[in-house]
1. So His117 passes all but one of these: (1) more than 11 Å from the ligand (Cβ to nearest atom); (2) under 13 Å from the mean Cα position of the chain (by Cα); (3) closer than 22 Å to Leu155 by Cβ; (4) not charged (D, E, K, R). Which condition number does it fail?
2. Is it the case that Glu143 is over 21 Å from Ala52 (Cα atoms) and within 13 Å of the chain's Cα centre (by Cα)?
3. More than 16 Å from the ligand (Cβ to nearest atom), touching a strand residue (DSSP E or B) at 6+ places or on another chain (Cβ under 9 Å), of a type in the set (D, E, K, R) and under 26 Å from Asp22 (Cα atoms): does that describe Arg141?
4. From Ala52, Ala123, which residue is within 13 Å of the ligand (Cβ to nearest atom), without any contact (Cβ under 8 Å) to a residue 12 or more places away in the chain and either touching a helix residue (DSSP H, G or I) at 6+ places or on another chain (Cβ under 7 Å) or of a type in the set (Gly, Ala, Ser) (or both)?
5. Select from segment 66-101 the residues that are polar (S, T, N, Q) and touching a residue at least 60 places away in the same chain (Cβ under 8 Å) and write down the one among them that is farthest from Met9 (Cα to Cα).
Amino acid sequence: MTEDDERWMRLALEVARAKGSDPSTSPLGCVIVRDGQVLAAERNQTHELPDATAHAEMMAIRRACEELGDMELRGATLYSTLQPCGMCTMASIWSKVGRVVYGAEGADVHPMYFEAHGVDTLAFVTHAYRDDITIEGGCLRQECAELYYGPDADLPQDEQANL
Ligand SMILES: [Zn+2]
C-alpha cells in the first residue's frame with residue numbers, strides 16, 4: 001500500500017459520502033485509476049436507478065470502459081471503500097483491472113452488506129483464469145469501516161437488507 005493508494009482511497013471515501021453517509025444506504029465509493037488518472041469515480045446507485053447490479057464497482061467499471069472505449073482496463077487499479085462482493089469481484093476479473101484495493105473488509109462491517117456469508121471472495125481472484133490480477137485490503141480501513149454498520153450492530157430487521 002502506498003501514499004498514492006491512500007490518496008485514491010480518500011477520493012473513494014468522498015464519493016461514498018457524496019449523497020450522505022447513512023449506513024443503511026450502503027454508501028460505497030469506487031474509483032478506477034490508471035497512470036495517475038481517474039477513469040471513473042462512482043457510488044452505488046441501486047435504489048436510484050433502480051438496478052440491483054448498480055454497485056459502486058459495477059458502475060465504475062462501466063464508466064471507465066465507456067471513457068476508454070475499451071472493455072479491458074489493463075493496468076488500472078480499482079479502489080473500493082468496502083471489500084467487493086462476489087459480483088463485483090468477478091466483474092473486476094472480467095474487466096482485466098490489474099489490481100483491486102479495498103478499505104474495510106467483510107469482518108469489519110455488518111453481514112447485511114454481503115450477499116453470502118462464509119464465502120471467500122478473495123479466493124475468486126486466487127483461482128481466477130487470470131494470474132495478472134491482485135487484491136489487497138486494509139487501505140484506510142478504519143475510516144472506510146466507519147461508513148457502515150459495525151459487525152455486531154443490532155439492526156431492526158427492515159434495515160438488514162440481505163438477512
Ligand atoms: Zn458489489
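1. His117 satisfies every listed condition except (2).
2. no
3. Criteria met by Arg141.
4. Only one candidate passes the filter, namely Ala52.
5. Thr77
Every number in this text was worked out from the coordinates using simple rules, so none of it is lab data. It should be emphasised that the depicted structure is a prediction, and the values quoted were computed from it without experimental measurement. Positions of Cβ are backbone-derived with ideal geometry, glycine not excepted, and every protein chain shown enters the neighbour counts.
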